[in-house]
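Working notes for the structure below.
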Amino acid sequence: MQEELDLRRPVGTTLDLRAPQYVWVSVTATLRAGAGASRPVREDVRRRAMQALYGYLNPFTGGPDGKGWPFGRTLSISELYGLLRAVPGVEVAEDVQVVLTEPGQPETRETITGSLPLPPQALIVSDVHHVRVDH
């Protein structure tokens, strides 16, 4: 691959070709639906919140513009609160936690506070998310 690109690069330019670093995150959130929301309504809200998380935290189709998570872009917990509050039927996002994970290694978990800065070659990838919807 490097040789193919070298044939096409402008003279005087250097290419640095390497694999991305994937940063796996798991989100746990507690949401509140409108007062008196039935169980099927709460389940629908939970399903939509899960779709929003998996869609947003996707290296290929996620990110703020839906064109993939930008390399090196910091993930802020406050943006996840905003994402979840925008889900139809959510009255309040009460608790959102982000945990760094390593797939296949459940003992390797690190809770993030505030934001998660990424190195320039890193992308966010969803691990397993958990959403609870109360009324």
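The values are calculated or read from the model by the stated rules, or taken from the named source; none is laboratory data. Just so you know, these numbers come straight off a predicted model, no measurement behind them. Because the Cβ atoms are built from the backbone with ideal geometry, glycine has one as well, and the counts that use them run over all protein chains shown.
Confirm whether R9 is over 15 Å from the mean Cα position of the chain (by Cα) and either on the phi > 0 side of the Ramachandran plot or among the basic types (K, R) (or both). Taking the combined requirement at face value, the residue satisfies it.
Per-residue answers, yes or no, for (1) in contact (Cβ under 8 Å) with a residue 12 or more places away in the chain; (2) more than 16 Å from G62 (Cα to Cα); (3) under 15 Å from the mean Cα position of the chain (by Cα):
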| site | (1), (2), (3) |
| --- | --- |
| D95 | yes, yes, no |
| V99 | yes, yes, yes |
| P119 | yes, yes, no |
| S126 | yes, no, yes |
| D134 | yes, yes, no |
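Only one of the numbered conditions (1) at pLDDT below 90; (2) under 19 Å from V128 (Cα atoms) is not met by Q97, and that is (1). Name the residue that is nearest to G66 (Cα to Cα), counting only residues in the stretch 32-55 that are in contact with a strand residue (DSSP E or B) (Cβ under 7 Å, 6 or more places away or on another chain) and small (G, A, S). Among those residues, the one meeting the criterion is A49. Candidates are the residues of the stretch 86-110 that are surrounded by 10 or more Cβ atoms within 10 Å (Cβ to Cβ) and of a type in the set (S, T, N, Q); the one that is nearest to W24 (Cα to Cα) is T101. With a requirement of 1 or more residues that are closer than 22 Å to R18 by Cβ, the strands (runs of 3 or more DSSP E) lying completely within the stretch 31-135 that satisfy it span 90-101, 122-126.
Restricting attention to the stretch 79-114, the residues that are touching a helix residue (DSSP H, G or I) at 6+ places or on another chain (Cβ under 9 Å) and under 20 Å from M50 (Cα atoms) add up to 16. When residues in the stretch 13-47 are screened for being free of Cβ contacts under 8 Å to residues at least 40 places away in the same chain and either of a type in the set (S, T, Y) or surrounded by 15 or more Cβ atoms within 10 Å (Cβ to Cβ) (or both), 3 of them pass. Within the stretch 1-53, restricting attention to residues that are hydroxyl-bearing (S, T, Y) and at pLDDT 85 or above, the residue that is farthest from E91 (Cα to Cα) is Y22. Consider the stretch 7-30 and keep the residues that are in a loop (DSSP other than H, G, I, E, B) and of a type in the set (S, T, Y). The one that is farthest from S115 (Cα to Cα) is T13. The residues on offer are G72, G89, and the sole one that is in contact (Cβ under 8 Å) with a residue 12 or more places away in the chain, over 12 Å from the mean Cα position of the chain (by Cα) and closer than 30 Å to E4 by Cβ is G72.
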